[in-house]
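**Q** There's a structure below that I have some questions on.
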Amino acid sequence: MTETAPYATLVLGGARSGKSRIAEGLTAELAGPDGQRVYIATAEPFDDELRARIAAHRAQRGEGWTTIDAPLDVAAAIAAQARPGAAVLVECLTLWLGNLMHHGRDVEAETAGLIAALAAARGPVVLVANEVGLGIVPDNAMARAFRDHAGRITQAVAAASGRAILVAAGLPLTLKGAAITG
């Protein structure tokens with residue numbers, strides 16, 4: 001049986017769908033005017049292009065965010081940060097999966113740990129993930145394994161979360177739970 005995480009929201013979408021903007025706005029709304037906004041970053045800056053993307057994301061968020069780098073230990077970061085008076089944004093589960101696979105971690109065990117951390121969260125957690133299952137079947141085993149793991153992770157998080165939102169063309173479509181207003 002899946003543990004429930006009523007404070008969790010999954011924001012899912014394709015590349016450049018607007019999911020980060022929606023997730024950031026939702027996290028700020030959930031934090032309220034006096035709450036802390038915590039950004040759990042999973043990206044590992046392996047090259048100049050990724051460093052530039054990270055810088056662009058930081059600039060887009062603006063001031064008022066606390067950033068926690070957690071390329072592998074997302075569950076521990078959520079456990080440490082999700083509390084009353086704070087709203088947490090995890091960006092993103094897809095990059096986290098790539099890190100897990102790159103470092104030879106047990107994806108199923110890490111996913112179970114993530115679900116347990118979400119269920120234990122004492123404050124709102126918004127998680128971003130890419131929808132990678134709508135395209136063609138990848139032509140190599142590693143890419144197929146990545147796509148399959150990504151699908152399983154997003155299914156598990158969506159099942160456990162109180163809300164799931166699909167973003168396409170910058171527009172949020174609520175799949176589960178209360179619709180967002182912005």
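The values are calculated or read from the model by the stated rules, or taken from the named source; none is laboratory data. Note that the coordinates shown come from a computational prediction; the quantities given were computed from them, not determined experimentally. Backbone-built Cβ (ideal geometry, glycine too); neighbour counts: all protein chains shown. Just so you know, the surface numbers come from the protein's heavy atoms only, side chains and all, with ligands and any DNA or RNA stripped out. Shrake-Rupley method; radii C 1.70, N 1.55, O 1.52, S 1.80 Å.
**Q** Right, THR67: of a type in the set (Val, Ile, Thr), within 16 Å of GLU24 (Cβ to Cβ) and open to solvent by less than 60 Å² (accessible area, probe 1.4 Å) or not?
**A** Working: of a type in the set (Val, Ile, Thr): yes; within 16 Å of GLU24 (Cβ to Cβ): yes; open to solvent by less than 60 Å² (accessible area, probe 1.4 Å): yes.
Yes: the conditions hold for THR67.
**Q** So, one more: Show the residue pairs that are 6+ apart or on different chains and have beta-carbon atoms under 6 Å apart, the first residue being within segment 31-49 and under 18 Å from VAL128 (Cβ atoms), the second being among the acidic types (Asp, Glu).
**A** ALA41/ASP69
**Q** May I ask you to verify whether ALA15 is of a type in the set (A, V, I, L, M, F, W, C), open to solvent by less than 60 Å² (accessible area, probe 1.4 Å) and either part of a loop (DSSP other than H, G, I, E, B) or modelled with pLDDT under 95 (or both)?
**A** Numbers: of a type in the set (A, V, I, L, M, F, W, C): yes; open to solvent by less than 60 Å² (accessible area, probe 1.4 Å): no; either part of a loop (DSSP other than H, G, I, E, B) or modelled with pLDDT under 95 (or both): yes.
Answer is no for this residue.
**Q** From the set of residues in segment 131-154 that are of a type in the set (A, V, I, L, M, F, W, C) and not in a helix (DSSP H, G or I), which is surrounded by the fewest Cβ atoms within 10 Å (Cβ to Cβ)? Let's see the steps before the verdict.
**A** So the first thing to find is which residues in segment 131-154 are of a type in the set (A, V, I, L, M, F, W, C), and the list is 132, 134, 136-137, 141-143, 145-146, 150, 153.
Going one step further and asking which of them are not in a helix (DSSP H, G or I), we end up with 132, 134, 136-137.
On the way: VAL132: 20, LEU134: 7, ILE136: 5, VAL137: 8.
Across segment 131-154, the extreme among qualifying residues is ILE136.
**Q** For segment 26-59, give me the residue count where each residue is of a type in the set (Gly, Ala, Ser), crowded, with 16+ Cβ neighbours inside 10 Å and under 18 Å from the mean Cα position of the chain (by Cα). It would help to see each step written out before you state the result.
**A** So in segment 26-59, the residues of a type in the set (Gly, Ala, Ser) come out as 28, 31-32, 35, 41, 43, 52, 55-56, 59.
Now restrict to residues that are crowded, with 16+ Cβ neighbours inside 10 Å: 28, 31, 35, 41, 43.
Those still in the list that are under 18 Å from the mean Cα position of the chain (by Cα) too: 28, 31, 41, 43.
Looking only at that region, the number is 4.
**Q** I'd like the residue in segment 54-81 that is among the small types (Gly, Ala, Ser) and modelled with pLDDT under 95 and, out of all such residues, is nearest to ALA15 (Cα to Cα). Steps first, please.
**A** Here is the first cut: in segment 54-81, the ones among the small types (Gly, Ala, Ser) are 55-56, 59, 62, 64, 70, 75-77, 79-80.
Filter again for modelled with pLDDT under 95, leaving 55-56, 59, 62, 64.
Details: ALA55: 17, ALA56: 15, ALA59: 19, GLY62: 21, GLY64: 26 Å.
Residue satisfying both the conditions and the ranking: ALA56.
**Q** If we keep just the residues of segment 36-53 that are over 24 Å from PRO124 (Cα atoms) and among the aliphatic types (A, V, I, L, M), which is modelled with the lowest pLDDT? Reasoning before the result, please.
**A** Of segment 36-53, the ones over 24 Å from PRO124 (Cα atoms) are 44-53.
Filter again for among the aliphatic types (A, V, I, L, M), leaving 50, 52.
Working: LEU50: 86, ALA52: 92.
Applying the filter and picking the extreme gives LEU50.
**Q** Since THR66 meets every condition but one in (1) within 14 Å of the chain's Cα centre (by Cα); (2) touching a residue at least 12 places away in the same chain (Cβ under 8 Å), which condition does it not meet?
**A** (1)
**Q** Collect the residues in segment 76-92 that are closer than 9 Å to PRO124 by Cα and either in a helix (DSSP H, G or I) or touching a Ser or Thr at 6+ places or on another chain (Cβ under 9 Å) (or both), keeping them in residue-number order.
**A** ALA86, ALA87, VAL88, LEU89, listed by residue number.
**Q** Considering only segment 103-114, I want to know if a residue exists there that is under 12 Å from the mean Cα position of the chain (by Cα), without any contact (Cβ under 8 Å) to a residue 60 or more places away in the chain and open to solvent by less than 10 Å² (accessible area, probe 1.4 Å).
**A** Yes: segment 103-114 contains one or more residues that are under 12 Å from the mean Cα position of the chain (by Cα), without any contact (Cβ under 8 Å) to a residue 60 or more places away in the chain and open to solvent by less than 10 Å² (accessible area, probe 1.4 Å).
**Q** Then there is this: Sort through VAL157, VAL128 and tell me the only one that's in contact with a strand residue (DSSP E or B) (Cβ under 7 Å, 6 or more places away or on another chain), surrounded by 15 or more Cβ atoms within 10 Å (Cβ to Cβ) and not in a helix (DSSP H, G or I).
**A** On the way: VAL157 fails: not in a helix (DSSP H, G or I).
Sole residue among the options that is in contact with a strand residue (DSSP E or B) (Cβ under 7 Å, 6 or more places away or on another chain), surrounded by 15 or more Cβ atoms within 10 Å (Cβ to Cβ) and not in a helix (DSSP H, G or I): VAL128.
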